[in-house]
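The values are calculated or read from the model by the stated rules, or taken from the named source; none is laboratory data. This is a predicted model, so every value here is computed, not measured. Positions of Cβ are backbone-derived with ideal geometry, glycine not excepted, and every protein chain shown enters the neighbour counts.
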Amino acid sequence: MAASSSCVSTTQMEQVGNGRKSMIRRSSPDEATTLTTIALDAKRHWGYPEHWIKHWESDLTISSDFIRDNHVYVAEEDGEIRGFYALCVAGQKAELEHMWVTPALIGTGVGKELFLDAMERAAKLDVSSVEISSDPNAAGFYKRMGATQIGETDSFVDGQARKLPRLKIEPS
């Protein structure tokens, strides 16, 4: 995992049609519980059984140390976090480890803004490629954003084999 940078910049973005100001800013370690809640709620949005959510809970839990050690950014509007991403950088490669939007805002452009910010940030860090292990429900979004599928990862829940799309994009 990458050491955190000292970057404290924020990206201003305007929500289309509502005139409210939003921003993307670096997350602080004390927001770990909020980010975990968003990740779990967003995963539930796809209708997975609750015992699957429990199975994935450790993977979806964001710790203060994780925020401190990686490039974790949040979309905030009116003082409320609406979504976040985590970019884990190692040399010229990176993994988009997390990208979650509060369920009520899925499909409103928040995810697109977060993704574009992550790609811009990766480019500034001289990352040549970003890889993503995607939930099957989110793969279409990443492909629309320019990612290409490079394979699949096997995942098992309740003895059921699931294929998770493995994607890659060159940041710009």
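Details
- Scanning segment 50-83 for residues that are in contact (Cβ under 8 Å) with a residue 12 or more places away in the chain, surrounded by fewer than 17 Cβ atoms within 10 Å (Cβ to Cβ) and not hydrophobic (A, V, I, L, M, F, W, C) yields His51, His55, Glu57, Thr61, Ser63, Ser64, Asp65, Arg68, Asp69, Asp78.
- Residues of segment 63-77 classified as in a helix (DSSP H, G or I) and closer than 18 Å to Val110 by Cβ, total: 0
- Breaking point among (1) closer than 14 Å to Ser27 by Cβ; (2) among the aromatic types (Phe, Trp, Tyr); (3) part of a helix (DSSP H, G or I), for Tyr85: (3)
- Pick from segment 104-146, criterion more than 17 Å from Tyr73 (Cα to Cα) and either in contact with an Asp or Glu (Cβ under 7 Å, 6 or more places away or on another chain) or acidic (Asp, Glu) (or both), ranking: surrounded by the fewest Cβ atoms within 10 Å (Cβ to Cβ): Asp126
- Considering segment 115-127, the residues that are of a type in the set (Gly, Ala, Ser) and in contact with a strand residue (DSSP E or B) (Cβ under 7 Å, 6 or more places away or on another chain) include one that is nearest to Met145 (Cα to Cα), namely Ala118.
- Beta carbons closer than 8 Å, at least 6 apart along the sequence or on distinct chains, pair a first residue in segment 116-137 that is part of a helix (DSSP H, G or I) with a second that is of a type in the set (Phe, Trp, Tyr) and crowded, with 17+ Cβ neighbours inside 10 Å for Asp117/Tyr73; Asp117/Tyr85; Ala118/Tyr73; Ala118/Tyr85; Arg121/Tyr73.
- For segment 138-170, filtered to residues that are modelled with pLDDT under 95 and in contact with a Lys or Arg (Cβ under 9 Å, 6 or more places away or on another chain), the residue that is farthest from Val89 (Cα to Cα) is Phe156.
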